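Q: I'd like to ask some things about the structure below.
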Amino acid sequence: MLKKVDRTLIILIIILSLIGLAMIYSTAGMTYMLRQGTWLAAAIFIAFIFSTITPRIWSNLAPYIYAITLILLFLLLFTHGTYPKRWFKIGEFSLQPSEFAKFATVLMLASFLATKKKLKTFTDMIIPLVIVTIPALLIFIEPDLGAAQIFFPILIIMLYWAGVPFPKIFIFFSPVVSAVASFSIYVWVVYIAAFTVFLYFRKQLSDFIYGFVSNSLAGLVMPVIWNSIKEYQQKRIISFFSPWLDPQGMSWQIIQSKIAIGSGKLLGKGFLSGTQKKLEFLPERHTDFIFSCLGEEFGLLGIVVTVMLYVFLLYRILVLAKETKNRFASIFVSGVLAWIGYQTFLNIGMTMGLLPITGVPLPFLSYGGSSLLACFMAISVCLKISKSKLEY
Amino acid sequence: MDENVIKFKALRNTLGIIFVLLVISAIRLQIIQGKKYYRLSEENRIRKRYISAPRGKIFDRNNLELANTRPGFYVSVIQAVVDSNSLKEISNILGLDTKTIKETMKMEKNPFIAVKIAHDISHRQLAIIEEKIDELNGIEVGVEPVRNYPYVDILCHLVGYVGEITYDEIKKDNSYSIGDYIGRMGLEEQYEKHLRGSDGIEYIEVDARGRMIGRISEKRPIPITNGKDLYTTIDLALTESVAVYLQNYKKASCVCLNPQNGEILVLYSKPGYDPNLFAHGLQQQEWQRLNNAPDAPMYNRAIMSCYPCGSTFKPFVALAALDANMVTNEKRFEPCRGEYRLGRRIFRCWKIHYSLDLTNAIVHSCDIYFYQLGRFIGIDTIVSRARDVGFGKKTGIDIPHEKAGLLPDRAWFEKRYGKNWTEGHIFNLSVGQGDLLVTPLQLATTFTVFANDGKIPVPHLIKHTAVSYHTTSISKEAINLVKEALLGVVSSGTGTLAGIRNCEVCGKTGTAQNPHGNDHSIFVGFAPAHDPQILVCVIVENAGHGGSIAAPIAGKIMKTYLANITSETPVYQKSGGDDALQKQVF
């Protein structure tokens, strides 16, 4: 069964998951480690099953899986219980549909994009945008901004891999940049000027018209909307989108995370002896900030080894995407690359203080069954693809 | 080139760049800044905790405690850990507003050091805090020594009080930290360094919520050094008696000292206040109320109030005249007929004395005799001798904020009234009225010139101090002559009510006219006349005649004291009992 599959991928995700188990034991103790271990066993079992299903079947199933996931996300909003509404509780375990939505959306996007041989116009990008916006919006309402925003980088990479030229993608999404820039009139003027010059040299009328009109509108309408809402609403929105502005809460986490990593120095304080995590200075130790504990206990050495494992894993996935001749399979693999890669770098960048806090788990390492399961499902599909990568 | 290969290379390079970026930032954090972050992680878990040293006790001359310490509970906040909910909660419990707490916290620059925000909280507050301690992040409760003054308002001015240190004071002296107490007024202020001791430091390991996990063995704690005790010359029992004798009067002060060595026995001022109030952080309004009260309870009248000394100045005018050899004891002036005309002004005497010699003029306190004597010997003669015995300058007592009083001389009069100052001013000066001002302590000290044969000791409050004396250049004969007259004041003159059976008492009454109401009643005296053990100065504000109010009180004080020092049986009972408890806690 494992013949001809990319064994490197299997080894890498198993090693990363084991590092995850060890760090969960160190940060949260035996109970959590055992629980995560159960999830890992389940994930491996499901991965075995998934790796027997051919890409063609996946492609055909994609709309149904996508629809079921959307229904789950929708139902989640009507559950009673804890706020934010992110989990279905099933006895001891809880399921996080947003993690599976990533898998389903990547599948759906790949399935849709594979049918289009030529992706040249803006209208071609509208349906993919809708495909990711629906789950993203449902997750945003939960609310879980961190999980919701992950869909858009995935979309961009998959569009790129499916053949849309990068400038085209940029122009398509540029109104968002314009709207953000419009908060400062100077920034916006500079941006719109530079953007116009860029469009001019593109020498494509459709690009110019779409780009200029959409950017101008976004830049002009945004301030009007912003100023028409009440001040407390503005504050609420600012604090929602930039929690790191709150000095008491978020910067404390960043500072403590940086202290944890920095104090590890070259070789770390040793397994189980991180003082930052032991004395509860680190927030979310076994989930979002598990990488900080790794840095504290294993030092630079541990960080470099772990990051290398991730980069190697992602590189293997990238090679797989390149070598796979099946268009659906190739685009799907690029989606998995975008998903795992973006989440990994966002999380590690956050713990080192390079990026704002977004509350994204680190694939394979962070405590959480749904995330682990979804990642294993994605990789297992990749494994099957690697087995039959030369088939059309 | 194949389109896929271009995209592959683009993504592979992105992957490579991100990898390099992450490794570089890890190196920056862990290698370049590793030491700094390691130190921060240690500071995170290791907290320096200051342990307040108990202040030294203050004892009276018979080893009774005038000030001691008792255990009290304080509340402190760690800025780095506290959150807004906990702040709100604790401010509710303590009845402080959050703004005040935040201001206190801001003073400490190191956010990991606990800042004391409330002292000596009630048992009720303590119980509430202990109950909610799990919800109160960054709030600590601890035990600290609290200053205690058992004799509340009878010794408050002398002993002073302790108050929370201000930010400006910390800037001046960095051995203090926020929430520390510093001595204010009296002995507490003067002997701050002696009494204070030095705070200890212990290093404890804490978790993220600031809760203690245990002590750190790698770092050696700095033990506390208790403040040193202070042994004073004060006689508590006598002070208590003085308070009783003066209980019917609103505003008064009394100084008792040993004229032979300057040891102060009583330094009493009325009204007083409760210095214990300051121990648990007095609120701004309360302090304002105390400080602005019309009868000025915070004011130590014995050393800070300047009174006209009235007739008690007459012995010094006589002393000056005799010392300058300008008159003899037999000198007589125009007889007293109750009033004396100077130009258009009429100067009165309180009684018609007819013709008197110098001794009898003192004994019967005749104003008209002294008007003429003053004019006869001249202002310079009076002022030079008066200054010699201590008028117009500080006595040098070892508590702060002493006033110097005022001895007007020729230059002062000229500056104040121009060239036109008249003999009328000399007349007033000669009977201790007008511009002459003295503090009760100063007046007491000047009288030691008679009690101690011209040797004036510097008054002091600490036992076993090497006493320094000021020896006047005034002739012994003059001193003895005036002393005889002072004996006569009590035996047959204005001060007979100060007399003690079987004991010779010297003294002089004074009735000080003042613009604030009735005359102040003054008496200064010492006993026994030929081996003086106690010198008393009593000033009762707005009470009337010196001979009728102050003199009997002074007599009772001298009698009480002399009875105590001659009795064989121990008169004082040592009050104690709290000691055992305190030793357990600290």
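Q: So for chain B, averaging the separation of alpha carbon pairs under 8 Å that are six or more residues apart and normalising by length, what relative contact order in percent results? Walk me through the intermediate numbers first.
A: Numbers: 1226 pairs, mean separation 80.4, N = 586.
With pairs under 8 Å counted, the relative contact order is 14 percent.
Q: Next up: Plugging the Kirkwood radius over Cα pairs into Stokes-Einstein for the stretch A:165-241, at a temperature of 10 °C and a viscosity of 1.306 mPa s, what D comes out in µm²/s?
A: 120
Q: For the Cα atoms of chain B, what angle does the longest principal axis make with the long axis of helix B:551-566, in degrees from 0 to 90, nearest 10?
A: 70
Q: Cα centroids of the stretch A:281-354 and the stretch B:59-95: how far apart, whole angstrom?
A: The stretch A:281-354 and the stretch B:59-95 have Cα centres spaced 52 Å from each other.
Q: Note down the relative contact order for the stretch A:165-241 as a percent, whole number, built from C-alpha pairs under 8 angstrom at least six residues apart.
A: Numbers: 44 pairs, mean separation 29.1, N = 77.
Relative contact order of the stretch A:165-241: 38 percent.
Q: Could you compute Rg(Cα) / (2.2 N^0.38 Å) for the stretch B:1-128, with N its residue count? If you can, show how the numbers build up before the last one.
A: On the way: Rg = 27.7 Å, N = 128, 2.2 N^0.38 = 13.9 Å.
The reported ratio for this selection is 1.99.
Q: At a Förster distance of 22 Å, what's the computed FRET efficiency of residue B:48 paired with residue B:212, Cβ-Cβ distance as r, to 0.05?
A: Details: r = 13 Å, r/R0 = 0.57.
The value I calculate is 0.95.
Q: What distance in nm separates the two pseudo spin-label positions at residue A:140 and residue B:97, each 7 Å out from Cα along the beta-carbon direction?
A: Between residue A:140 and residue B:97, the label points sit 4.3 nm apart.
Q: Taking amide hydrogens as modeled 1.01 Å from N in the peptide plane, which residues meet the under 5 Å criterion relative to residue B:146, leaving out close sequence neighbours?
A: It is B:70, B:72, by chain and number.
Q: Would you kindly state the longest site-free stretch of chain B, with sites defined as GluC sites (Glu not before Pro) in a DSSP loop (not H, G, I, E, B) surrounded by at most 16 other Cβ atoms within 10 Å?
A: Longest site-free region, per DSSP loop and neighbour criteria: B:331-503.
Q: Let me have the relative contact order for chain A, percent, based on Cα pairs under 8 Å that are six or more residues apart. Mind showing how you got there, number by number?
A: Values: 527 pairs, mean separation 109.2, N = 392.
Taking the mean separation of contacting Cα pairs over the length of chain A, I get 28 percent.
Q: Moving to a separate point now. In which sequence would B:509, B:233, B:448 go, from the one with the fewest C-beta neighbours within 10 Å to the one with the most? Intermediate results must be reported in sequence, preceding the final value.
A: Values: B:509 30, B:233 22, B:448 27.
By the 10 Å Cβ count, ascending, the order reads B:233, B:448, B:509.
Q: Dipole size in debye (nearest 20) for the stretch A:165-241 around its Cα centre, Lys and Arg Cβ +1, Asp and Glu Cβ -1?
A: Numbers: 6 positive and 2 negative charges, 20 e Å.
Dipole about the Cα centre, nearest 20: 100 debye.
Q: Now for a separate question. Compute the FRET efficiency between residue B:469 and residue B:384 as 1/(1 + (r/R0)^6), taking r as their Cβ-Cβ distance and R0 = 25 Å, and round to the nearest 0.05. Could you put the intermediate results ahead of the total?
A: On the way: r = 20 Å, r/R0 = 0.78.
The computed FRET efficiency comes out at 0.80.
Q: Taking the number of other C-beta atoms within 10 Å as the exposure measure, put A:52, A:344, B:465 in order starting with the fewest. Spell out each step's value before the answer.
A: Working: A:52 11, A:344 26, B:465 15.
By the 10 Å Cβ count, ascending, the order reads A:52, B:465, A:344.
Q: Extending each Cα 7 Å along its Cβ direction at residue B:85 and residue A:198, get the distance between those two points in nm, one decimal.
A: Result: 4.5 nm between the two label points.
Q: For the protein assembly as shown, what does the helix formula give at 222 nm: sum of -39500 (n - 2.57) over DSSP H segments with n ≥ 4, over the residue count, nearest 500 deg cm²/dmol? Please list the in-between numbers first.
A: On the way: 38 runs with 499 residues, N = 978.
Taken over the protein assembly as shown, the calculation gives -16000 deg cm²/dmol.
Q: Taking a point 7 angstrom from the Cα of residue B:169 along the C-beta vector, which residues in the stretch B:142-157 have backbone N less than 17 Å away?
A: Once the point is set 7 Å along Cα→Cβ of residue B:169, B:145-149, B:157 turn out to lie under 17 Å by backbone N, inside the stretch B:142-157.
Q: Further, regarding this structure: Counting only residues 5 or more places away or on other chains, whose amide H sits under 5 Å from the amide H of residue B:117 once H atoms are built in the peptide plane?
A: B:75, B:76, B:77
Q: Moving to a separate point now. Which three extents, in whole angstrom, do the alpha-carbon atoms of chain B cover along their principal axes, largest first?
A: The Cα atoms of chain B stretch 137, 62, 40 Å along their principal axes.
Q: Sticking with this structure for a sec: Taking only Cα atoms of the protein assembly as shown, what ratio of Rg to Rh do you get with Rh as the Kirkwood inverse-distance radius?
A: Details: Rg = 45.7 Å, Rh = 36.1 Å.
Checking Rg against Rh, the ratio lands at 1.27.
Q: Any chance you could give the angle, 0 to 90 degrees and rounded to 10, that helix B:123-132 forms with the longest Cα principal axis of chain B?
A: Once rounded, one gets 10 degrees.
Q: DSSP beta bridges in the protein assembly as shown, what fraction antiparallel, as a percent rounded to 5?
A: Working: 72 of 75 bridges.
Given both bridge residues lie in the protein assembly as shown, the antiparallel proportion sits at roughly 95 percent.
Q: For residue B:513 paired with residue A:255, estimate the spin-label separation in nm (one decimal), with each label point 7 Å from Cα along the Cα-to-Cβ line.
A: 7.1
Q: Give the order of A:69, B:566 when sorted by the count of other beta carbons within 10 angstrom, beginning with the fewest. Please list the in-between numbers first.
A: Working: A:69 23, B:566 8.
So the ranking, lowest neighbour count to highest, is B:566, A:69.
Q: Something else now. Considering every residue in A:342-348, what mean count of other chain Cβ atoms within 10 Å of its Cβ is obtained?
A: Details: counts 0, 0, 2, 6, 0, 0, 5.
Average per residue, whole number: 2.
Q: So if we plug the beta-carbon distance of residue B:220 and residue B:403 into 1/(1 + (r/R0)^6) with R0 = 45 Å, what FRET efficiency do we get, rounded to 0.05? Before the final figure, lay out the partial values.
A: On the way: r = 49 Å, r/R0 = 1.09.
Given R0 = 45 Å and the Cβ-Cβ separation, E is 0.40.
Q: Additional query: Trypsin sites (Lys or Arg not before Pro), restricted to the stretch B:443-511: which are DSSP loop and have at most 12 other Cβ atoms within 10 Å? It would help to have the intermediate numbers written out before the result.
A: On the way: sites: B:455, B:463, B:476, B:483, B:501, B:508; in loops: B:463, B:501.
Here the sparse-neighbourhood loop sites are B:501.
Q: So between residue B:107 and residue B:2, what do we pick up on full extension, going 0.36 nm a residue minus the alpha carbon distance?
A: Values: separation 105, 0.36 × 105 = 37.80 nm, distance 6.71 nm.
This chain segment gains 31.1 nm when fully extended.
Q: Between rounded, prolate and oblate, where does chain A land on the alpha carbon gyration tensor, with a ≥ b ≥ c its root eigenvalues, rounded for a/c under 1.5, else prolate if a/b exceeds b/c? Working shown, then result.
A: Details: a/c = 1.65, a/b = 1.17, b/c = 1.41.
Judged from the Cα gyration tensor, chain A comes out oblate (a/c at least 1.5, b/c at or above a/b).
Quick note: the coordinates plus some simple rules give every number you see, no bench work behind them. On a predicted model such as this, the values are computed, not experimentally measured, just so you know. All Cβ positions, glycine included, derive from the backbone under ideal geometry; neighbour counts span all protein chains shown.
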